[in-house]
There are 2 protein chains.
Amino acid sequence: MTLSAPIPTWQSIRVPHGMGYRLKLLSQLMTRHLQEELDPYGLTPFHWLVLNCLWEQDGIATSALGERLRQVGGTLTGVLDRMEERGLVRRERDTHDRRIWRIWLTDAGRALEDCLPPHVHQVREKLLQGFSEAEQKQLSDWMDRMLANLS
Amino acid sequence: MTLSAPIPTWQSIRVPHGMGYRLKLLSQLMTRHLQEELDPYGLTPFHWLVLNCLWEQDGIATSALGERLRQVGGTLTGVLDRMEERGLVRRERDTHDRRIWRIWLTDAGRALEDCLPPHVHQVREKLLQGFSEAEQKQLSDWMDRMLANLS
DNA sequence: CAAAACTATTTCGTATGCGTAATATTAATG
DNA sequence: CATTAATATTACGCATACGAAATAGTTTTG
């Protein structure tokens with residue numbers, strides 16, 4: 001019986017080296033760290049993403065928010081329900097098209113734009129500790145290339 | 001009022017450039033693609049990960065599986081329930097320590113070791129299309145560095 | 001103008017993912 | 001040896017995440 005040479009880790013698809021597993025785990029670890037930072041505000045990492053979109057475009061339609069974040073409608077309904085319950089956003093019917101619901105920031109939601117970013121910076125800096133500026137640029141470019149490959 | 005120079009995308013924490021968001025989205029897109037490949041077998045990407053561990057170490061304890069995959073116990077209970085229901089694994093009490101449940105492959109679970117990898121390779125190749133071998137090695141190294149930073 | 005097609009959002013069921021608590025079991029301690 | 005501490009696993013509640021279906025509303029078509 002012919003023994004196969006072991007596959008190098010960069011090429012492997014198996015736990016714990018497969019890119020799929022490592023991407024999932026990285027995403028999970030980022031979520032865990034960010035969750036710790038956001039807990040004092042009663043927020044989740046997904047809330048941070050939604051707030052990002054609203055700080056930039058208050059009154060965005062639900063469907064446009066879904067496109068922006070590349071998430072399906074059913075996921076958004078639940079998240080927006082909870083953000084509304086927490087007093088961060090309010091939903092309002094579009095004036096011209098009653099199919100459309102627009103998502104508006106409340107004062108509480110708007111006020112978070114100043115205090116949340118330092119926490120997110122902290123997690124980002126932990127992730128990229130030891131990476132040079134050139135490496136960060138290269139990594140960012142490769143992230144975009146992989147995203148384009150899967151889109 | 002002093003305008004801030006726009007932050008380069010590689011440095012941004014905001015949607016859609018923040019590393020946290022891009023990692024989450026990459027992981028989700030990988031999951032979606034892999035889910036499509038595994039659907040014909042009635043499997044999910046998490047099943048693939050568990051099967052990986054069992055193909056390598058049949059009879060692994062639940063807690064060791066959790067360590068291997070870096071997942072909490074409660075998550076594993078649900079996944080193993082469903083894999084057991086699908087006839088892929090069976091649980092058995094450890095002979096020496098009744099706290100421990102060992103997870104064993106069934107014939108059906110074992111048989112998947114040959115037919116699943118080509119599908120996973122396909123997703124990996126789509127992800128890394130256009131990346132040279134040197135780039136893949138570098139990316140793999142950086143993935144490990146980021147994982148180490150967050151662990 | 002009515003019917004058909006499409007869009008927006010929600011609901012529902014299923015699958016993770018996590019923190020906390022409960023239960024059973026084993027190991028350590030005095 | 002009895003008590004305490006730790007470990008293993010599950011249950012529970014809450015938070016995503018997705019596909020399919022339902023409902024309401026708008027646009028397109030003939």
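The values are calculated or read from the model by the stated rules, or taken from the named source; none is laboratory data. What you see is a predicted model, and the numbers here were worked out from it, not measured in a lab. We place every Cβ from the backbone using ideal geometry, glycine too, and count neighbours over all the protein chains shown. Areas reflect the complete protein model, heavy atoms only, side chains present, ligands, DNA and RNA absent. Shrake-Rupley method; radii C 1.70, N 1.55, O 1.52, S 1.80 Å.
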Within the bounds of segment B:4-22, is there any residue that is more than 12 Å from chain A (Cβ to nearest Cβ) and buried (at least 20 other Cβ atoms within 10 Å of the Cβ)?
no
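For (1) touching a residue at least 40 places away in the same chain (Cβ under 8 Å); (2) farther than 20 Å from B:Met30 by Cβ, each residue gets a yes or a no:
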| site | (1), (2) |
| --- | --- |
| A:Gln11 | no, no |
| A:Thr31 | no, no |
| A:Tyr41 | yes, yes |
| A:Asp81 | no, yes |
| A:Gly87 | no, yes |
| A:Ile100 | no, yes |
Please verify whether A:Arg124 is of a type outside the set (A, V, I, L, M) and facing chain B (nearest Cβ under 8 Å), treating the condition exactly as stated.
yes
Filter result (open to solvent by 30 Å² or more (accessible area, probe 1.4 Å), closer than 30 Å to A:Glu113 by Cβ and within 7 Å of chain A (Cβ to nearest Cβ)) within segment B:23-49:
B:Lys24
Against the condition within 14 Å of A:Thr44 (Cα to Cα), open to solvent by 40 Å² or more (accessible area, probe 1.4 Å) and at pLDDT 95 or above, how does A:Glu85 come out, does it pass?
yes
Please enumerate the residues belonging to segment A:71-82 that are near DNA strand D (Cβ under 8 Å from one of its atoms) and in contact with a helix residue (DSSP H, G or I) (Cβ under 6 Å, 6 or more places away or on another chain).
A:Gly73, A:Val79
List every residue pair whose Cβ atoms lie under 8 Å apart, where the two residues are 6 or more positions apart in sequence or sit on different chains, the first residue falls within segment B:127-146 and is closer than 14 Å to A:Ile13 by Cα, and the second residue, located anywhere, is open to solvent by 20 Å² or more (accessible area, probe 1.4 Å) and among the hydroxyl-bearing types (Ser, Thr, Tyr).
B:Ser140/A:Thr9
Got a sec? Which of B:Arg70, B:Arg93 is open to solvent by 60 Å² or more (accessible area, probe 1.4 Å), of a type in the set (Lys, Arg), within 10 Å of chain A (Cβ to nearest Cβ) and within 12 Å of DNA strand C (Cβ to nearest atom)?
B:Arg70
Could you please find all residues in segment A:28-61 being touching a helix residue (DSSP H, G or I) at 6+ places or on another chain (Cβ under 9 Å), within 17 Å of A:Asp81 (Cβ to Cβ), more than 10 Å from DNA strand C (Cβ to nearest atom) and in a loop (DSSP other than H, G, I, E, B)?
A:Leu43
Residue set A:Ala134, A:Ala111; condition within 30 Å of B:Gln129 (Cβ to Cβ), of a type outside the set (D, E, K, R) and more than 7 Å from chain B (Cβ to nearest Cβ); output residue A:Ala134
Within segment B:122-141, track down each residue that is closer than 20 Å to B:Glu37 by Cβ and open to solvent by 70 Å² or more (accessible area, probe 1.4 Å).
B:Gln122, B:Glu125, B:Lys126, B:Gln129
Provide a single number: the residues in segment A:120-135 that are farther than 16 Å from B:Leu150 by Cα and not hydroxyl-bearing (Ser, Thr, Tyr).
3
Selected residue (criterion: farthest from B:Arg22 (Cα to Cα)) from residues of segment A:50-64 that are open to solvent by less than 10 Å² (accessible area, probe 1.4 Å) and within 12 Å of DNA strand D (Cβ to nearest atom):
A:Leu51
